[in-house]
Amino acid sequence: MPIETIAIGFLLLATLRPAEAATGDSMASNEPANTVADPDFALQGEFLDRSRQNGQPPIGLQVVALGKGQFLGVLFDGGLPGAGANPAFRRELLGTRQGDSVELRTSDSDPSRIVVRSTTAELHGDRPTRLLQRCVRVSPSFGLPPPPGARVYFRDSEPHDLSGAMLFDDGFLRPGARTSNPVRDFRLHLEFRTPFMPDARGQARGNSGVYIQERYEVQILDSFGLPLANNECGALYKQQPPDLNLCLPPGQWQTYDITFRAARYDSQGNKLHPARVTVLHNGYPIHCNHALSAKTGAGKPEGAEPRPILFQDHGNPVAFANIWLVELAENRSRDPRPGLLERIKMRRAIRGAS
């Protein structure tokens, strides 16, 4: 059965052929890595039934590998997160792999169950069986080419203006690099891939981060299928959780599109206005013009002077690709959210429309 490729967007859940999921010449593939030997890898992922069978709403399922054949399943009413799922309905199930499938249940006494295989998931219960198909979701800004005048830090295995840049064997950027130039107000695009670490938990599972001005961290973590928290993926670390968990499974490429306005100070060094940030995770706004109350976590102290961006090395092999930045004029409005016209233009560029 074919695997469906769909694009995440603000209100977008469109069927795309894989070749249409990105434009430009990004070297990253939107398909998940298929070189992992662990048999659990083939069963993790996202599944969807949009059939509205018997008048029922669509159903989305995320299957999370927990190591040694153990799995967490998260069932959503209405679709998948960011694409129709009702945030008030989140049902967890557990199961153990048996051969090439896993059976998920809420408890041993629960008559309903979900049988997950590599391409399908069957929902059994007191209603007719529903068949969910595996889907590979793709961010609408995946592969987005840098616009004219952008500062390109990394594209097609070539780092530019990055100190400490090192590459993996597959040509992608390792964590630990920082921009050679300090930054003030900007729009940043980057793509990242968290590793498959099913035995790890919490902050040891695919950890990295984007440290804006080396002060404010947008967390990177394998938080696929997990509840919201202020230290999970997309969080402004320990300060603000994302509005929604838009994490894709480990092994798939994800995007951050970050718009930042630096804090403003007077000539005496007194802070007049806080730094503000908007973050789109896989095309969905998870922070909109959020005022940062202070530096986050291990960030450098706040101050008027600009500082570089650090792509944090937390000891996990998180990969980066397609990193570029557009500087913004300092007299720009305090609200850094991309406007409707900008979003429409981005979607047209992604889809290859004129």
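Just so it is clear, none of the values below were taken in a lab; they were calculated from the coordinates. All values reported here derive from a predicted model rather than from experimental measurement. Cβ placement follows ideal geometry from the backbone for every residue including glycine, while neighbour counts extend to all protein chains displayed.
With K and R counted +1 and D and E -1, the other residues having a Cβ less than 9 Å from that of Arg130 yield a net charge of -1. Among Cys233, Cys247, Cys288, Cys135, the order by Cβ neighbours within 10 angstrom, fewest to most, reads Cys288, Cys135, Cys247, Cys233. Each of Val138, Val183 has some number of other Cβ atoms within 10 Å of its Cβ, and from fewest to most they run Val183, Val138.
The slack between Lys68 and Val326, meaning 0.36 nm per residue of separation minus the straight C-alpha distance, is 88.5 nm. Counting only DSSP beta bridges with both residues in region 188-301, the antiparallel share comes to about 100 percent.
Taking the centroid of alpha carbons for each part, region 248-262 and region 157-190 are 14 Å apart.
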